[in-house]
Amino acid sequence: MLHQRMFESGTYKSLPEHIALYEALEASMAQAQRDEFLAEKDKSRKRRRNDQDPPPPPDSDLSKRRRHDTGASGSSQPPSPQSSAWKKPVRLKPILEDDRPATPEPAWVIPTSHTFMNWYCQNMGKTELTQSDLKGQDYEVIKAFYPNVVHLQIDINRPCLLRWSPVIVTVQKLILFPIHDLDYLRYGSKGSRQALSISKMKAARYHDFGLELLVPEHMWIDDVCTYDISASYGISHWWFNRQKFYIDRHTAESSRKVVRTHMRILSVVRIKAYSRYGYDYLKEITLRRADHQEYTIAEKDFKNLYPSDFEDLNLLLLQGHLNHLPGSDIRMLSTAVKLWTRNLVIRQRVEDFQLGIESYQKQLNLTKPGWDATGFEFKHDYTIIDSPRAVVFPVSNNEWKIMRFNEIYKFSDGTLTNIMEALDYRVKEYKVNRLNPGMNTRFWTDKDVERSKEFIHAIERRLKTRRIFWNLECFVGGRVRDIDYRLLQRTE
C-alpha cells in the first residue's frame, strides 16, 4: 500500500535520497516476491515427485533372452541405450544440512532488519545519519522494514557496524515529543540560530477523538509562562542594535480598529521602506482589499492583523501576483512576511493543542483543561451549562467530561468535530419527541438553542483558525501538502 501511494503521488522524486529509498523498497519487494515464487515452486516439485508412480519392472523373459544372446556372441560391447533404459532407477542419497553448501546471496538483496541501515548508508555514501535523514518519505520507507514503530525506535537508536567500513553509524532516536519550541520561546538562543520544529520535522495529521485524554501529564504546564521578547519575534540570534531596532518598531503603537478587518487582500499596490542596521523596515504598505479600496498599513501593524491576512500575502507572493512591483520591493515584503509568519507558527504550535500534537512538541504552554464533570453526571449528553459556561460530553459508557467555552483550543479536532455535530443536530431538531427521541426526558428551551449556537460558532472559528495555520506552516516549511503550493486556495 505504501509503495502504491508513493508511485501514484510521485513525491519521492523530489530528492535523490527519496529516489534511492524508493528503489530500495522496490528491490526488496521484488526479492520477497521471488523468494515466495521459489518456495511455491519447490513445494509443487516435491508434491509431484511424491505422487509419481515408480517405473514398471523389466520383463523377466526379455531379460533372460538378451543375456543369452549376449553370452553366445561373446561380445564385450556395452549395452545399447534401449537396454539401459530399463535399468533400476538410482535413488539419490539426501544431503545432510551440515554438508549442504550455502546459497550465495545476490549483491542487491536488502536485509529486512536493522542491517537495512547499513545498506542505505553504503549506497548513499554516508557515515553518519541524523534525524533530518529520517523525516517525511524517508521515515515512511524505512518504517516499512520494521514490524512496528516501537521496534523501529528501539532499533535505530542502536549503533550498527558497517561491513564495508569500521565506522559506527548512530541514528538519533525518534520519540513522540522531541521538539523544544517552548524552551526556545522562554529562554531564547543567544548567539546561534535555534533548530525549531519547522526545520526539524514535518507536521503530521491526527483526526482521532479524545487525543487530549491520551497525552502524558508533562505535556501540560502548571502556569502559563511568558516569552523572551527577542525569541518571540524569532530574532534572538541577531546582534544587539538590529534586535533593538526591530523590537522598537514592532512594539510601537498601532490602531487595531483601523487595520483589523476580515476582507480579503487582493493585491499590494506599492511599498515604501527604509534600511537600518541591515534590516529593511516597511514603513508603508498599500493594500487593495475585497471592496477594491486601498488601505495603508505599516510593518508595526502586523501584530493587529488576522492570520488570514498573512495567508493572503503569502499566496500573492507564492503564486506570482506581485510581479508589477520592483524586485527589491518584492524581496523586502517577502522577508518581512516570512519572518512574521514563522513567528506566528512557532507561537501557535505551543498555544494550540492540535497544532502542538501534530508538530511533536515536548511541552505546551497550556494548563490542563478543567474537564472534571463532578456534579454534572445527571446532565444529559451535550447539555450546555450556564455556570461554568461549558458543555457536557461522554468519553465512555460511564464517564463524562465538560469542555469550557474559554478552553476550546485545548481540545483536539476529533473531539471538537464530534461535539459540534451533536450540538448542530440538537439545534436543528430541538423539539421534544419530534425526530429527536433521545431528548424526550428533558426540557429544551430557546435559551438552550442560543447557547448551543454560540458553542458551534466558537468551535467553527477554532477549526478554521487551525486550517489557516496549516497553510501558514506550508509557507515556512513546517508541513508538506500533497498538492502544488501554487494551487493552494484561501481558507474559507
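For VAL268, the requirement of being at pLDDT below 90 and surrounded by 16 or more Cβ atoms within 10 Å (Cβ to Cβ) is not met. Of all the criteria given as (1) among the aliphatic types (A, V, I, L, M); (2) over 26 Å from LYS464 (Cβ atoms); (3) buried (at least 19 other Cβ atoms within 10 Å of the Cβ), the one not satisfied by ALA252 is (3).
Within segment 362-413, restricting attention to residues that are of a type in the set (Val, Ile, Thr), closer than 20 Å to TRP444 by Cα and out of contact with any Gly (no Cβ under 9 Å at 6 or more places or on another chain), the residue that is modelled with the lowest pLDDT is THR383.
Annotation note: Cβ proximity below 6 Å between a residue of segment 299-313 that is farther than 19 Å from ASP329 by Cβ and a residue that is surrounded by fewer than 20 Cβ atoms within 10 Å (Cβ to Cβ) and among the hydroxyl-bearing types (Ser, Thr, Tyr) (sequence gap 6+ or interchain) occurs for ASN304/SER254.
Residue count for segment 207-234 under the criterion of being exposed (fewer than 11 other Cβ atoms within 10 Å of the Cβ), among the acidic types (Asp, Glu) and in a loop (DSSP other than H, G, I, E, B): the result is 2. Out of the residues in segment 453-492 that are out of contact with any Lys or Arg (no Cβ under 8 Å at 6 or more places or on another chain), of a type in the set (A, V, I, L, M, F, W, C) and in contact (Cβ under 8 Å) with a residue 60 or more places away in the chain, state the one that is nearest to MET263 (Cα to Cα). Top of the filtered list is ILE468. Selection of first residues in segment 357-380 that are more than 27 Å from THR226 (Cα to Cα) and of second residues that are polar (S, T, N, Q), restricted to Cβ pairs under 9 Å at least 6 apart or on distinct chains, gives the following pairs, ordered by first then second residue: PHE376/THR383; HIS380/THR441. Annotation: VAL427 fulfils all but one of (1) at pLDDT 85 or above; (2) aliphatic (A, V, I, L, M); (3) outside any loop (DSSP other than H, G, I, E, B); the unmet one is (1). Scanning segment 475-487 for residues that are under 16 Å from LEU196 (Cβ atoms) and of a type outside the set (A, V, I, L, M) gives PHE475, GLY477, GLY478, ARG479. Count of segment 440-492 residues, restricted to those that are closer than 16 Å to LEU313 by Cα and among the polar types (S, T, N, Q), is 3. Pairing each residue of segment 253-267 that is in a strand (DSSP E or B) with any residue that is among the small types (Gly, Ala, Ser) and surrounded by 13 or more Cβ atoms within 10 Å (Cβ to Cβ), provided the two are 6+ apart or on different chains, yields C-beta distances under 9 Å for ILE265/SER308.
Yes or no: LEU325 touching a residue at least 60 places away in the same chain (Cβ under 8 Å) and hydrophobic (A, V, I, L, M, F, W, C)? Judged against the criteria, LEU325 is not a match.
Applying the condition of being closer than 16 Å to GLU421 by Cβ and touching a residue at least 24 places away in the same chain (Cβ under 8 Å) to segment 384-393 and asking which residue is nearest to the chain's Cα centre (by Cα) yields PHE393.
The values are calculated or read from the model by the stated rules, or taken from the named source; none is laboratory data. What you see is a predicted model; the values in this text were computed from it and never measured. Here Cβ is always computed from backbone atoms with ideal geometry, including for glycine, and neighbour counts include all displayed protein chains.
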